[in-house]
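A short write-up of the structure that comes next.
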Amino acid sequence: MKLEIVSPDGILFEGEAERVSFPGAAGSFDILPHHAPLIAALRQGTILYENERKRGELAIKSGFVEVKEDYISVCIE
């Protein structure tokens, strides 16, 4: 899946991910390949993303995520 994380300061991450975990407003959730389309609000917490080469994490205050056709777009504060 392609993952893009943006903030008011610019693009924080752009690349491939096999799994992404989010701190959702209604509870934490994971996105895996071929996930159904989704738009969700995010709360304060940590976004975790991984692919076969590396794992990353990013602390956030709030934001939202959109998932569509193996493309994950995240806007955070």
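All of the numbers you see were taken from the coordinates with simple rules; none came from a lab. This is a predicted model, so every value here is computed, not measured. Please note: Cβ atoms are built from the backbone with ideal geometry, for glycine as well, and neighbour counts cover all protein chains shown.
Table for the structure above
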read-out: Estimated distance in nm for a label pair at Ala36 and Lys68, the labels positioned 7 Å out from Cα along Cα-to-Cβ; value: 1.8 nm
read-out: Local electrostatic count at Pro33 - Lys and Arg +1, Asp and Glu -1, tallied over other residues with Cβ under 15 Å; value: -4
read-out: Lys, Arg +1 and Asp, Glu -1 on Cβ, resulting dipole of the chain about Cα centre, debye, nearest 20; value: 220 debye
read-out: Full-extension gain in nm, Cys75 to Ala59, via 0.36 nm per residue minus C-alpha separation; value: 4.5 nm
read-out: Relative contact order (percent, whole number), segment 2-76, Cα cutoff 8 Å, 6+ residue spacing; value: 33 percent
read-out: Three-way shape call for the chain based on the alpha-carbon gyration tensor, with the a/c threshold at 1.5; value: rounded
read-out: Within segment 1-57, GluC sites (Glu not before Pro) in DSSP loop having at most 15 other beta-carbon neighbours inside 10 Å; value: Glu18, Glu52
